[in-house]
Amino acid sequence: MKKENVEKAYLLAKELYAELGVNTDEVLQKMKDVNISLHCWQTDDVGGFETADGELSGGIQATGNYPGKATTIEQMRADLEKVLSLLPGKQRLNLHAIYGDFQGEKVDRDEIEVKHFQSWIDWCKAQGIGMDFNATCFSHDRAADGFTLSSKNEENRRFWVEHVKRCRAISAEAGKQLGTPCVHNTWIPDGSKDVPVDRNGHRVLLKKSLDEAMAIDYPKEHMKDAVESKLFGIGVESMTVGSHDFYLGYAIKNNKLICLDNGHFHPTEQVGDKISACLQFLDEVLLHVTRPIRWDSDHVVTLNEDVQLIASEIVRNNFLSRVNIGLDFFDASINRIGAYVVGTRAAQKAFMIAMLEPTSKLIQYEEAGHNFERLALLEELKTKPFGAVWDYYCLQEGVAVGEDYIAEIQQYEKEFLEKR
């Protein structure tokens, strides 16, 4: 896209938004506060580096076999660097415990240490970005019966408690070295395929395990704990131990972050509506932004109404400093780098659109009972030249403007992905 056309379009858009009382230059500055944590598992279909084949199970499934999957740490980092080069702003890395730099050594999950992730910390430092982390409580022999932290098999339960303990220690060290808090997220697949009798027993054990795993308090400037709920999972359709009610209660009581994944709720629920509710009682929340179709199918994020509501609620209420933004999707049916860039840019666009809204004027209409005027202005905003502001933002940040990133990704595919 020609630079002069982008600049001309921006100047016109700037004038149009100014008529609504919106300063687009200020919006471009505010976009620097939108830091999105990129989920490393999009590059390799949630495979990890524990085994040679990188095959996982236990309700984690990426569909498709598009060529170019990353199979080594070097390939994954190269892919991530390409993604970062195509995104405006400064992002973060979100790493699962199965992605350790194990150097071919078999290291079970209750034995992982900082040394297995030091090269990742160093990579993040070289990129000038922060790092987030996740315990990997799935796809393991000790999770074969469908239970981890809530297991009635005490040996298995203790194994997973130790895993989470070690993941928290790794997270705290990563945050300390990088100078930005590492959000450690705990999600477990525990549940029952058919109707259980003793739901309470498993939830008692889950609470006990979380208390044990999180007994050490790390400085918040180094690490923040989050717990993630789910409505149900594949193979555990009748009961999920870590439900939204359970984790919200646990988060409030223990001052943890609740992770809101917009694919983990009933299709009629909107995560955007939950943000202001949760932040009445919690200091911060963690978001996993995805695109569910029929349910938690983890499609590539697009600029849709659900994502827009999430962004708008955060921006309207000045919650950016209290919301940690991450993505969670894995599509193996298309170019994985392209999926990454499309999904992340879609989320970024949603936040920019929210920032271009004349919120104070809309609230004035609302509080005066002028609901027609509120609706009309919201509708008119949909056709304002947001794209011109977005293109100019990309130009300022020195990344591909408009659809120009398509050709860059196609070239990267030809040079690297097709040869894997």
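The values are calculated or read from the model by the stated rules, or taken from the named source; none is laboratory data. If you're wondering where the values come from, they're calculated on a predicted model, not measured in any experiment. Every residue, glycine among them, receives a Cβ derived from its backbone with ideal geometry; neighbour counts consider all protein chains shown.
Filtered by the rule that a residue be buried (at least 22 other Cβ atoms within 10 Å of the Cβ) and either farther than 27 Å from Gly191 by Cα or not assigned by TED's automatic domain parsing to the domain that holds Pro181 (or both), the range 206-232 gives a lone residue, Met223. Hey, does the range 345-362 have a residue that's farther than 26 Å from Glu284 by Cβ and assigned to a loop (DSSP other than H, G, I, E, B)? Checked against the condition, which is being farther than 26 Å from Glu284 by Cβ and assigned to a loop (DSSP other than H, G, I, E, B), the range 345-362 yields at least one hit.
Kindly establish whether Ala388 is of a type in the set (A, V, I, L, M), assigned to a helix (DSSP H, G or I) and in the same structural domain as Asp331 (by TED's automatic domain parsing). Answer is no for this residue. On the basis of being among the aliphatic types (A, V, I, L, M), farther than 23 Å from Arg168 by Cβ and in contact (Cβ under 8 Å) with a residue 40 or more places away in the chain, does Ile325 make the cut? No. For the range 315-326, check the following and say yes or no: at least one residue is part of a helix (DSSP H, G or I) and buried (at least 20 other Cβ atoms within 10 Å of the Cβ). Yes, there is a match, as at least one residue in the range 315-326 is part of a helix (DSSP H, G or I) and buried (at least 20 other Cβ atoms within 10 Å of the Cβ).
Against the test of being out of contact with any strand residue (DSSP E or B) (no Cβ under 8 Å at 6 or more places or on another chain), of a type in the set (D, E, K, R) and under 30 Å from Ala346 (Cβ atoms), the options Glu74, Glu113 yield a single qualifying residue, Glu74. Considering the range 19-54 alone, what residues qualify as being over 30 Å from Val285 (Cβ atoms) and loosely packed, with under 12 Cβ neighbours inside 10 Å? If the condition is that a residue be over 30 Å from Val285 (Cβ atoms) and loosely packed, with under 12 Cβ neighbours inside 10 Å, then Glu19, Ala52, Asp53 are the ones that fit.
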